[in-house]
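See structure below.
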Amino acid sequence: MTEQVPPADGPDLPPQDAGALPHGNAPADGEIGARASVPGGTARAGVPGGTTRGEIADVIVVGGGPAGSAVSYYLATAGLDVLLLEKAHFPREKVCGDGLTPRAVKALTAMGVPLPEGDGWLRNKGLRIIGGGGRIELDWPEMSSYPGYGLVRARTDFDQILARHAEKAGVRLLEGTAVTSPLLDDRTGRIIGVTAKDGRQFRGRLVVAADGNSSRLSVAMGLHKREDRPLGVAVRTYYTSPRHDDDYLEAWLDLWDGTSLLPGYGWIFGMGDGTSNVGVGLLNTSAGFGEIDYRSLLRRWLATMPAEWGFTEENRTQPIRGAALPMAFNRTPHYTRGLVLVGDAGGMVNPFNGEGIAYALESAEIAARVITQALARTSATGRELVLQSYPRQLKDAYGGYYTLGRIFVELIGKPSFMKFATKHGVKRPAVMRFSLKLLGNLTETRGGDAVDRLLNAVSKMTPAA
Ligand SMILES: Cc1cc2nc3c(=O)[nH]c(=O)nc-3n(C[C@H](O)[C@H](O)[C@H](O)COP(=O)(O)OP(=O)(O)OC[C@H]3O[C@@H](n4cnc5c(N)ncnc54)[C@H](O)[C@@H]3O)c2cc1C
C-alpha cells in the first residue's frame with residue numbers, strides 16, 4: 001500500500017488523530033519508541049535501584065477507550081488488580097460516528113452499564129439505507145442473541161461512562177498518564193511493564209495494548225499494521241439540525257455532488273441533543289484513497305442536502321476531524337511476549353460496516369477471560385498455553401466473517417459493483433434484510449431463520465486468516 005494522505009490537513013485535525021492516520025507503521029509522534037530494558041528484569045516495580053516512582057499490578061492496561069475500560073472491568077471483576085493508564089483526562093473527545101448497533105448494546109448490557117432511555121442515550125430502531133436512488137428503513141431484528149435496538153451517545157460521554165464503570169469495579173484508573181515505552185525483560189524479551197512520559201514505571205504480570213488504531217505500544221513491540229488488511233479513513237463533525245432526534249441510523253451508500261458520483265460512503269446519526277453527527281469515509285480498496293480531501297468531500301456531499309436539514313457551515317458546532325479504522329485483524333498476532341492486543345490496537349473493526357465499538361468490547365471480554373485463566377496457572381508453561389489460545393479464540397469468533405469482509409471491501413471498491421448493488425439491492429426489501437444481518441453481523445448464534453443459518457454456515461466454512 002502506498003502512503004496515504006491524511007483526511008485533509010486543516011488546523012483542526014488534532015495531533016491525536018493525525019497520529020491515528022495511516023502513515024505506515026512508524027510511531028507518529030515518537031511517544032512510544034525505543035526499547036527500554038530492565039536490567040535483570042526482576043526488579044520490584046517502581047523501585048529499580050530504589051529511585052523510580054511507579055506501581056505494580058497484576059495487569060497493566062494501556063488506553064482507556066472502550067476496549068481498555070472493558071478489559072479492565074472484566075479483569076477487576078474476576079478479582080485481579082488492574083492499572084488502567086490513559087493519556088487524556090476524561091471527558092475527552094474521540095473521533096467517531098457515535099453509533100451503537102444492537103451488538104454493542106448487548107456487550108454494554110453484559111458489562112452492566114446502565115442504559116436508561118432519556119439519560120443521554122438515544123435509542124434507534126434500525127438502519128435507513130440510502131443509495132442507488134432508493135431509500136429503505138430496516139428495523140433491527142428482535143432476536144434471542146441481540147436486542148432489537150441500537151443507541152447513539154457522544155464518545156466524550158460514552159468513554160467516560162465506561163472508564164468510571166471500570167473504576168467502580170475496582171480498576172485503578174490513572175488519567176493523564178501517557179505511556180512512552182515498554183519495559184522489557186532483557187533475557188526473554190517479554191514485556192513486563194511500561195514507562196510513562198513523566199518517567200513513572202508500571203509493572204504487571206501481563207500488559208494489554210488498548211491504545212487504539214496507532215497502538216504505539218504494539219509498534220514498539222514490533223507489531224505493525226498489516227498491509228494486506230483493509231483500512232478505512234473517515235471524517236466527522238456535528239451540525240445543529242432538526243434531524244437530531246432521528247430514530248434510525250442513516251447510511252448513504254453512494255454520495256452525489258449534483259450529477260457526479262463522489263467516492264466513499266456517508267452517515268447521518270442524530271445525537272438527540274440538538275445536533276447530528278455527519279461524516280464520510282473511504283476504504284483503502286477505493287481508487288483515489290490516498291488523494292482524497294475528506295473535508296471537501298464532506299462539504300460537497302452536504303451541499304446537495306435539503307436546506308431545512310441545516311447541514312451548513314453556520315450550523316457546524318465542531319471542527320471536522322478524521323481518523324483511521326483498522327479492519328479485519330489489521331494487526332497480528334494478538335498475543336506475543338506478554339502483550340495482549342484488544343480493540344483497534346488489534347485492528348478489530350468490522351470491514352462490512354466500520355463498526356468498532358462492539359468489537360472493542362467483545363475482544364476485551366475474550367481477552368479478560370483468557371488472562372484470568374492464564375494468571376491462575378501455577379507454571380509459566382501453563383500460562384503461556386492459555387495466552388496462546390487468545391488469537392485462536394478471536395479467529396474462531398470473527399475469522400471467517402472477516403475473511404468474507406475482506407472480499408466485500410474489494411468488491412465495493414469497484415464502482416461498477418457498487419452501482420449494480422445499490423441500483424438493484426436498495427429497492428428490494430428481502431435483499432436489504434439479508435444485508436442488514438450480514439453487514440451488522442447480527443445472526444442468531446444458534447438456530448435462527450434460514451438467513452441466520454446460511455450466514456453462519458458461510459462464515460464457518462470460510463477460512464479464518
Ligand atoms: C470517523 C470514525 C467514525 C467511527 N464511527 C463508529 C461508529 O459509529 N460506531 C462504532 O462502533 N465504531 C465507529 N468507529 C470505530 C471506533 O471509533 C473504534 O473502533 C473504537 O474507538 C475502538 O476502541 P478502542 O478502545 O480500541 O480504541 P480507542 O477508542 O481509540 O481508545 C484508545 C485509547 O487509548 C488512549 N491512548 C492512546 N495512546 C496512549 C498512550 N500512549 N498512553 C496512554 N493512553 C493512550 C487514547 O487516548 C484512547 O483513550 C469510527 C471510527 C472513526 C475514525
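The values are calculated or read from the model by the stated rules, or taken from the named source; none is laboratory data. This is a predicted model, so every value here is computed, not measured. Please note: Cβ atoms are built from the backbone with ideal geometry, for glycine as well, and neighbour counts cover all protein chains shown. Accessible surface is based on the protein model in full, side chains and every heavy atom, while ligands, DNA and RNA are left aside. Shrake-Rupley method; radii C 1.70, N 1.55, O 1.52, S 1.80 Å.
Data table
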| item | result |
| --- | --- |
| Segment 375-425 - Rg and Dmax from Cα coordinates, angstrom | 19.7, 60 |
| Coarse-grained scattering of segment 265-329 at q = 0.17 Å⁻¹, given as base-10 log I(q)/I(0) from a Debye sum over alpha-carbon atoms | -0.69 |
| Value at 222 nm in deg cm²/dmol, rounded to 500, when DSSP H runs of n ≥ 4 in the chain each add -39,500 (n - 2.57) | -9000 deg cm²/dmol |
| With Cα atoms, 0 to 90° folded angle of helix 66-77 axis to the chain main axis | 50 |
| Percentage, to the nearest whole number, of Cα pairs in segment 162-279 over 26 Å apart | 52 |
| Antiparallel bridges, percent of DSSP beta bridges restricted to the chain (to nearest 5) | 65 |
| The chain: angle of helix 380-394 to the longest principal axis, Cα-based, in degrees nearest 10 | 0 |
| 20 Å Cα-Cα threshold exceeded, pairs from K125/K168; K225/K395; K168/K395; K125/K460; K87/K197; K395/K460 | K125/K168; K168/K395; K125/K460 |
| Heavy atoms of V386: accessible area, 1.4 Å probe, square angstrom to 10 | 20 |
| Where only C-alpha atoms are counted, convex hull volume of segment 52-111 per residue in Å³ | 96 |
| Full-extension gain in nm, E384 to D186, via 0.36 nm per residue minus C-alpha separation | 69.4 nm |
| Per residue accessible area of segment 165-288, 1.4 Å probe, in Å² | 32 |
| Inter-site label distance for R446 and E175 at 7 Å from Cα along Cβ, in nm | 4.3 |
| Label zone at R392, where the point sits 7 Å out along the Cα-to-Cβ direction: segment 362-378 residues whose backbone N lies under 20 Å | 363-378 |
| Farthest toward positive dipole pole in the chain [+1 Lys/Arg, -1 Asp/Glu at C-beta], among G232, G266, L375 | L375 |
| Between 0 and 90°, nearest 10: helix 400-412 axis offset from the chain longest Cα axis | 40 |
| Principal axis dimensions, largest first and in whole angstrom, of segment 409-465 by Cα | 35, 30, 14 |
| Efficiency of FRET from Cβ geometry, K414 and R453, R₀ 30 Å, rounded to 0.05 | 0.55 |
| Reciprocal of mean inverse Cα separation for segment 136-186 (Kirkwood radius, Å) | 15.3 |
| Of all accessible heavy-atom area on segment 310-366, the percent that carbon and sulfur account for (1.4 Å) | 46 |
| Charge tally in the Cβ shell below 11 Å around L173, where Lys, Arg are +1 and Asp, Glu are -1, L173 excluded | 0 |
| Burial order of peptide ranges 441-454, 57-70, 150-163 (average beta-carbon count within 10 Å, highest first) | 57-70, 150-163, 441-454 |
| Separation in nanometres of the label points that stand 7 Å from Cα toward Cβ, at W256 and E314 | 2.7 |
| Counted charge near L223, where neighbours are those whose Cβ lies closer than 12 Å (Asp, Glu -1; Lys, Arg +1) | +4 |
| Along principal axes, Cα extents of the chain, largest first, whole Å | 69, 51, 44 |
| Square roots of 5 times each gyration tensor eigenvalue, C-alpha, segment 72-148, largest first, Å | 31, 18, 12 |
| Approximate spin-label separation R433-H224, in nm, with each point projected 7 Å along Cα-to-Cβ | 4.8 |
| Shape box of segment 258-375 [Cα atoms, principal axes, largest first, Å] | 58, 36, 22 |
| Apportionment of accessible area to carbon and sulfur, segment 134-264, percent (1.4 Å) | 50 |
| Interatomic Cα distance distribution for segment 313-416, bins of 10 angstrom, percent | 14, 38, 24, 15, 6, 2, 0 |
